[in-house]
Amino acid sequence: MVHHLHHKLSELAGEYLCGDQDFGLSSNMSRSDAVQFLHCSESVFERALRLITENPHWGVRLMTSEGEDTTEVDAVRWLESTQPDMPLLCRLQRAFSIVFLRILAVLACVALVWGGVELMRYRWRRQEEDNRLMYNMIERILDALKKHAEACRHNTDLQPYLAIPHVRDMLIPPQERKKLGQVWDRAVKFLSANESRIRVESQQISGEPFTVWRWINVDTPNNRLYPPINELSQNHTNPDHEAASGLPQFLLGAPRTGRVKAWQGEAFDVDSSVNSRPYSPTPCLKIRNMFDPDIETGEDWHVHIQDAILEKCGDNNGIVHIAVDKSSREGCVYLKCSSHDAAGKAFRALHGSWFDGKLVTVKYLWLDRYHQRFPDALHAAGPLRPSNPLKTSLMHLDKVEVEDHLL
C-alpha cells in the first residue's frame, strides 16, 4: 500500500515539474485524496503514515495544513514525494535548461569582465587624449607669450603682458570654447603650478581688472647655456685651436647641425601624477614634441633625436627599436622595449620633460599596432645604444663657465 502511494506521489511530483504549472497542477496530495486513492480506512492509513515517518529514506514528505514538515500522524494534511518520477524527455529538457542557464551565467560574467576592461581602456584613451590636448594647449600658450614678449622688445608701446581671457580668445575659436573649456582650465592650472617662466599678475586694462600673464625672459639651455655649434666651428676649425680653447669636448665633437638640443629638466613629477599608471600595459611608446620638421636641418638630424632619447633613458637596456617619424607635425618618435617594465622606466624618464624648449609627452601604444606600422620591429631584440658617447643632450654647464670659454 505504501509502495503504491509512493509511486503515485512520485508521478504527481514529476507531472508538476514537467507540466505547465499554470493549469492547476500540484506536486502534493491531500490526506483525504490519499485515503480515497488507497481505498482504506483511516486507521489503516495512520499505520501507513507511521511507517513513512519511521523510514524517511522513502522520500515521502508529510506536511501540516500550513505546509510545514511534521512527524505527528494526526497533524498530517498533505503528502509529497521528494523523488519525482519524470519521463526521459522531461529529464533531458531540464538538463538542457540547467546547462543553458549556466552557459548564460558564464557568458554574462565574461561580458561583464570584457565590458569592464573596455571601459577602463576607454577611460585610459580618454585621459591620454585629454592630456595630449592639454599639453598642446600649453605649447600654444607658451608660444603666444614668447612671441608677444619678442614683439614688446621692438615696440615699446605694447604692454609686456597679456590678459588670460584674451589669450584664450586668440587661441580658441568661439565655436570651440565650450568644448575645450576643461582643456583650457587644466592648462591654466598646470602653468600656474609648473611654469616658472610665466608670472601671474593683476592689471587694469581699459579700466577693468584682469588677471594677466607676463613672460619672464630668462636664459635657459634653449637660449645661451649651450652656444650654437656654428659659432664654435668658426673659432675652432682645427685640433690645435680646439685644444687651446679649453672648450668642453662634447661641444667641439658634437654634430654641427645648429644649436645643441638638450634636456632641460622635468615639468612635473611623473610618479606623483594622478594620470600615471601603476603598471605598463604595453612595451611600446609614442613620444610627442621631440622635434619640429620645419626647422630640422642635415641628413642625419633624426639620429640626434634618437641619441637624446637613449641618453635620457640612461641605464635602461630594454630599448630595442626606435623610429622617428620625420614628417610628423607633432614631432613623434616611436619606441619599443623588450618588456613592460622597461617601457615603464622609459615612460617615467621621458614623460613631462622639457627638451629643446618643448614639453615632451608620452603615451602607451598597443604592440600589434606598433608591429603593423613597423614590421621590422617584430624581431628586434638587442638593446640600442647612442651613436656616440658624448651625451650632448645631458650636459648641464654653468652659463658663466661656457661664456668664459667663448671669450
Quick one: accessible surface of residue 294, probe radius 1.4 Å, all protein chains present, in square angstrom to the nearest 10.
-> 100 Å²
Of the residues 138, 81, 154, the Cα lying farthest along the dipole of segment 13-156 towards its positive end, which is defined by charges on the beta carbon of Lys, Arg, Asp and Glu, belongs to 154
Accessible-area value, residue 123, 1.4 Å probe, nucleic acids and ligands omitted, Å² | 130 Å²
Once phi is turned into ³J(HN,Hα) by the Karplus curve 6.51 cos²θ - 1.76 cosθ + 1.60 with θ = phi - 60°, what whole-Hz value does each residue of segment 191-198 show in order, with x for glycine and proline?
-> 5, 5, 8, 10, 10, 7, 8, 10
Sorted by chain and number, the residues with a modelled amide H under 5 Å from that of residue 267, at a separation of 5 or more or across chains, are 353, 354
In whole µm²/s, the translational diffusion coefficient that Stokes-Einstein assigns to segment 80-230, given a Kirkwood hydrodynamic radius over C-alpha pairs, 20 °C and 1.002 mPa s, equals 101 µm²/s
Could you list the square roots of 5 times each eigenvalue of the Cα gyration tensor of segment 299-402, that is, the equivalent ellipsoid semi-axes, sorted largest first and rounded to whole Å?
-> 24, 15, 14
Neighbours of residue 124 by Cβ distance under 12 Å: Lys/Arg at +1, Asp/Glu at -1, summed charge +2
On the protein heavy atoms, probe 1.4 angstrom, tell me the percent of accessible surface of segment 39-133 carried by carbon and sulfur.
-> 62 percent
Solvent exposure of segment 1-113 as accessible area per residue, Å², 1.4 Å probe = 68 Å²
Stokes-Einstein diffusion coefficient of segment 3-89, Kirkwood radius over Cα pairs, 4 °C, 1.567 mPa s, in µm²/s | 98 µm²/s
Among the lysines, which fall within straight-line cross-link reach of residue 363, defined as a Cα-Cα distance under 19 Å, with same-chain neighbours fewer than 8 residues apart omitted?
-> 286, 312, 326, 336, 345
For segment 109-179, with only Lys/Arg (+1) and Asp/Glu (-1) charged at the beta-carbon, what is the dipole magnitude about the Cα centre, in debye rounded to 20?
-> 180 debye
In order over segment 132-138: 3J(HN,Hα) from phi, Karplus 6.51/-1.76/1.60, θ = phi - 60°, whole Hz, x for each Gly or Pro, gives 4, 5, 5, 5, 5, 5, 4
Two-decimal Rg/Rh of segment 65-153 from alpha-carbon positions, Kirkwood Rh?
-> 1.65
If you wrap a convex hull around the Cα atoms of segment 122-184, how much volume per residue is inside, in Å³?
-> 75 Å³
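The values are calculated or read from the model by the stated rules, or taken from the named source; none is laboratory data. This is a predicted model, so every value here is computed, not measured. When we count neighbours, we look across all protein chains shown, and the Cβ atoms used for this are built from the backbone with ideal geometry, even at glycine. Heavy atoms of the whole protein, side chains included, go into the accessibility calculation; ligands, DNA and RNA do not. Shrake-Rupley method; radii C 1.70, N 1.55, O 1.52, S 1.80 Å.
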